[in-house]
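What follows is one structure encoded as structure tokens, with my remarks underneath.
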Amino acid sequence: MKKLTKESFHVGKMFAEDKAEKPAGQFTDLQIDEGKVINYNEQRAGAYRDEQGDFHVVDATCTHMGCQTHWNNAERTWDCPCHGSRFSYNGDVVEGPATKPLKKMRE
């Protein structure tokens with residue numbers, strides 16, 4: 001029970017910290033093959049610029065329990081620190097527990 005309480009506190013703390021984080025920059029600031037959390041239309045979003053120069057912008061909120069994903073440059077994925085879900089650069093689920101993709105904000 002103590003471990004569960006500690007883990008629940010950790011997830012809650014991460015959730016609150018990530019919601020308070022203010023992203024900087026715009027998607028047009030991205031270099032080729034770069035991803036980061038940005039401000040897009042006054043919302044927190046995950047943006048990636050692929051090798052062809054095309055932009056992919058997704059809602060950076062994990063579809064499992066609402067934590068904020070972070071860009072993993074080594075794997076080119078959006079990773080959720082709360083429960084380990086991972087999403088491709090365009091929001092598709094790579095690994096659960098999430099079962100729904102991230103919402104696309106720009107095609």
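The values are calculated or read from the model by the stated rules, or taken from the named source; none is laboratory data. Keep in mind that this is a model prediction, so the values were computed, not measured. Positions of Cβ are generated from backbone atoms using ideal geometry, with glycine treated the same way; all protein chains shown enter the neighbour counts. Keep in mind that these areas ignore ligands, DNA and RNA; they rest on the heavy atoms of the full protein, side chains included. Shrake-Rupley method; radii C 1.70, N 1.55, O 1.52, S 1.80 Å.
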| query | Of all the accessible heavy-atom surface of the range 41-107, with the other protein chains kept in place and a 1.4 Å probe, what percent is carbon and sulfur? | reply | 43
| query | Averaged per residue, what accessible surface does the range 50-107 expose to a 1.4 Å probe, in Å²? | reply | 52
| remark: The answer for Val94, listing residues at least 5 apart or on another chain whose modeled amide H is closer than 5 Å to its amide H, is Arg86, Phe87, Ser88
| If each of Gln26 and Met65 carries a label point 7 Å out from its Cα toward its Cβ, how far apart are those two points in nm? | 3.7
| For Met105, which sequence-distant residues (separation of 5 or more, or a different chain) have an amide H within less than 5 Å of its own amide H, given hydrogens modelled in the peptide plane? | Val57, Val58, Asp59
| field | Residue-by-residue Karplus 3J(HN,Hα) for the range 44-53, coefficients 6.51, -1.76, 1.60, Hz, glycine and proline x | value | 6, 9, x, 10, 9, 10, 7, 5, 8, x
| task | Can you figure out the FRET efficiency of Lys104 with Asp33, using R₀ = 25 Å and their beta-carbon distance, to the nearest 0.05? | result | 0.80
